[in-house]
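K.L.:
Input: one structure, supplied below.
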Amino acid sequence: MGLLSRKVTCNSHGQDSSYFLGWQEYEKNPYHEVNNPQGIIQMGLAENQLSFDLPESWLAKNADAAGFKRDGQSIFKELALFQDYHGLPAFKKALVDFMAEIRGNKVTFDPNHIVLTAGATSANETLMFCLAEQGDAFLLPTPYYPGFDRDLKWRTGVEIVPIQCTSSNRFQITAPALEEAYQQAQRKNLRVKGVLVTNPSNPLGTTMRRDELDLLINFITDKEIHLISDEIYSGTVFSSPGFVSIMEVLKDRSLEQTPVWERVHIVYSLSKDLGLPGFRVGAIYSNDPIVVAAATKMSSFGLVSSQTQYLLSAMLSDKKFTKEYMAKNHKRLQKQQSKLVSGLEKAGIGCLESNAGLFCWVDMRHLLSSNTFEAEMELWKRIVYDVKLNISPGSSCHCSEPGWFRVCFSNISEDTLKLAMQRLKSFVDSIAINDQSHQELKNSRKKFRTKWVFRLSFQSFHDREQDER
Amino acid sequence: MVAMSKIATGNGHGENSPYFDGWKAYETNPFHPTERPEGVIQMGLAENQLCFNLIKNWLIKHPEASLCTPQGVNKFKETALFQDYHGMPEFRQAVAKFMGKVRGDRVKFDPDRIVMSGGATGAHEMVAFCLADPGEAFLVPTPYYPGFDRDLKWRTGVELVPVNCESYNNFKITRNALEAAYVKAQEANLRVKGLLITNPSNPLGTILDRDTLKSMVRFINDKNIHLIGDEIYAATVFMEPEFVSISEIIEEEDVECNRDLIHIVYSLSKDMGFPGFRVGIVYSYNDSVVSCARKMSSFGLVSSQTQHLIASMLSDGEFVDNFITENKELLFKRHKYFTWSLSQVGIGCLKGNSGLFIWMDLRKLLKEKTFAAEMELWRVIINEVKLNVSPGSSFHCEEPGWFRVCFANMDDHTMKVALLRIRTFVLKNNEAMVPLKLCRPSSLKLSLSRSLSRRMEAPGIMSPHSPLPQSPLVRART
């Protein structure tokens, strides 16, 4: 039209990606145990639905704190009027304490350095607006959350340059990969402003190791750039190794008084750790007071509803609740994840060994007709339309190798998960039967790959079985 | 060390203006009836605090509207999980219904065109991102809400070009003024993408008449540019003439309009007094804009907990009808008392019928007809009279001497204290006074349903000023 902005007419909102198309198919034909047992099972949504009974029973016991009342007096008016972008002090305090608790209290956070935003979606975009502009780029390790293409690039004009990670070393970030990404940005005439990592990783479901974090710190120190650590899954780490926060590493290396300290920023949210995506609670934590000041002003465009701040400040200040929640939630996540892993195994499918997140990074390379992304799309379509499972293809996460899929496990019941695995097994069995002519070739490839992958996931499966007992 | 962005390090947030002084003064010494009776009274904050009792009573009778009560907790899980950027259907339906009722049910709003945003602040930025590219411009009639400089320009790179309005004709927006602004933009090599109007007006407290609205619609159609109507004060029209929304104008037979150019920004912050809940709405007649804005709303969705509360409240037709009526009555009474008391000491203001503030005329108290004099008078009033109000220059007013004074954000006692202080100050400076006709409070027309005859002061009376700036800084909306 020319009448609207370029943002309307371009595709940078990222919604034409397959990640969202799968959702659309699901919405047309959603599985329901009773009403639509043949429908599509949603395994593309990273939601935690396993632990709602815990906040519900907390609410039942704490009506006063939750119901617009303080000491029996209505504070509705006070809340309705509270629009200060500095946020409710009690909520910020409760939030930073919660964040510290998740990190085993090895680090503490200052409530004056936290900025509240409408979800992590808004936090990530706001950080981009603060740290970068058109012509700048951030480096992101692949595979990464598809929403970053919208959140980091769409309205900001900032570019993403991928740091290619591969299955050869479990998709860990390496020094050469970092350097290569940096060079690539320069060749594109983009000024690199920083690195953004998700730790624990979406879609991998793994936590970053200390040596990886050290590598990152060395890299951003050397290049004098920022590091954003999106830690929205930090509370979902359900087995070892535990979570090591970037702040912990900075502290251990005594870097608090050095310039790099102020170039590290954390993004947080309660959408994954507490399972409350609807409440739109996100946060930016920065050691740089200038970033905090700028982000605070920008948060006007997406503040957290005062009634939500109030409810959650009461809930999170209850340490008994948070402790119980974390313990039970972890156990449930672990149990459900291992059911997924064993179900996949029965279908002859392996996955990356994971210790966090609400999903597994599943290896279906052996099911591809060829080692291409077209074949991956072909396989994906069959899984969505024929097997009736909505899972996310690795290409939507910018994975450099075809054949990987993200499969979520915490947004469905145990029974639904079981059904999903049965469907998958039938599908895989049917491929085996139909593919007579390629059997030999496939078998040899399959043996080689799955042997390696099986070893990882099978071993960890055994370890977990022992723990649970 | 690599720098932050220009956006972050520049002044586009608009908070470095000298008007911060008023807020600083307030914050270091806020008025309290018993603890700090000599403190600064906040009259720079356009909040509606008059209707809370009505709302509280409704909440008590409807515990299911809160997720935290035994009656509401069964909705906790599904609400906590609901992050669909389409918004809850019941929320959209309730808001659409409310918007219709506020306009006397003369128009209907389609719930599928309701898009959420982070308050009207988020809505304006979102609309700017949808309609314009960096370097393009919107025309905005002066005086206008200072926050627009941040909301429309800061991160978007869009420019604002003022449409000059003057007191001689009560700040009416004329076709000539629109054309002049358009030409000015072109001369500055700015491509004009739209016209933004606030109706009812902040800071004037007046509504646009039918003819002006039609003239604007003709203007934007002629130029093929957008019309954005900020109608966040729609339910605060407490006196005749009746509010006319853009949504009504485009339905009129003698109006030819390309609907793809029409967009409304709404919010519950002023009409209901809920700024903390961050309920902003973009309502567009353009399908592409609805679609794009909806995707952008991901950056500022309304908390599902709040959607649930608002859906419950606003689908109660009886409550809504009562609220709209009572809100008008309380605002009318407060406005009447306030303006009458001011007139008693010779202070006049623009004749207004809406909003949460008056546009006070203190030109006669200026030492000279300059903005420097306005600032000087303003500082006197913060420091001596101890009232924080907003100087016209912060609203880009073309003429010095005007001030916006808010009246709905305080209780009766505080208002009386404020009026007493003004009275004392004026009497001290009474050589600048001009005696005015007295007005009888009882003779004012209350609302459309009443038929009392009305005798107001002479139209558009203005008088000398007390400059009181408002600092938009810390609290989001002014």
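K.L.:
Only one of A:Thr142, A:Thr126, A:Thr108, A:Thr117 is β-branched (Val, Ile, Thr) and touching a Cys at 6+ places or on another chain (Cβ under 7 Å). Can you tell me which?
P.N.:
A:Thr142
K.L.:
Can you find, within the range B:64-100, the residue that is surrounded by the fewest Cβ atoms within 10 Å (Cβ to Cβ) among those that are β-branched (Val, Ile, Thr) and over 21 Å from A:Gly302 (Cα atoms)?
P.N.:
B:Thr69
K.L.:
Would you check if there is a residue in the range A:177-186 being surrounded by fewer than 24 Cβ atoms within 10 Å (Cβ to Cβ), away from every other protein chain (no Cβ under 14 Å), within 17 Å of A:Val281 (Cβ to Cβ) and over 19 Å from the mean Cα position of the chain (by Cα)?
P.N.:
no
K.L.:
Shifting gears a bit: Can you find a residue that is away from every other protein chain (no Cβ under 14 Å) and among the aromatic types (Phe, Trp, Tyr) anywhere in the range B:174-193?
P.N.:
Yes, the range B:174-193 contains a residue that is away from every other protein chain (no Cβ under 14 Å) and among the aromatic types (Phe, Trp, Tyr).
K.L.:
So which helices (runs of 4 or more DSSP H) are wholly in the range B:12-129 and hold at least 2 residues that are free of Cβ contacts under 8 Å to residues at least 40 places away in the same chain?
P.N.:
B:52-61, B:76-81, B:89-102
K.L.:
Hey, another quick one. What strands (runs of 3 or more DSSP E) completely inside the range A:50-167 contain at least 1 residues that are surrounded by fewer than 22 Cβ atoms within 10 Å (Cβ to Cβ) and within 13 Å of chain B (Cβ to nearest Cβ)?
P.N.:
A:136-141
K.L.:
In the range B:399-415, how many residues are among the β-branched types (Val, Ile, Thr) and crowded, with 22+ Cβ neighbours inside 10 Å?
P.N.:
The qualifying residues number 1.
K.L.:
Among B:Thr69, B:Thr79, which is the only one that is facing chain A (nearest Cβ under 7 Å) and in contact with a Pro (Cβ under 8 Å, 6 or more places away or on another chain)?
P.N.:
Answer to the check: B:Thr69.
No value in this document is a laboratory result; all are computed from the given coordinates. If you're wondering where the values come from, they're calculated on a predicted model, not measured in any experiment. Glycine gets a Cβ as well: all are built from the backbone with ideal geometry, and neighbour counts include every protein chain shown.
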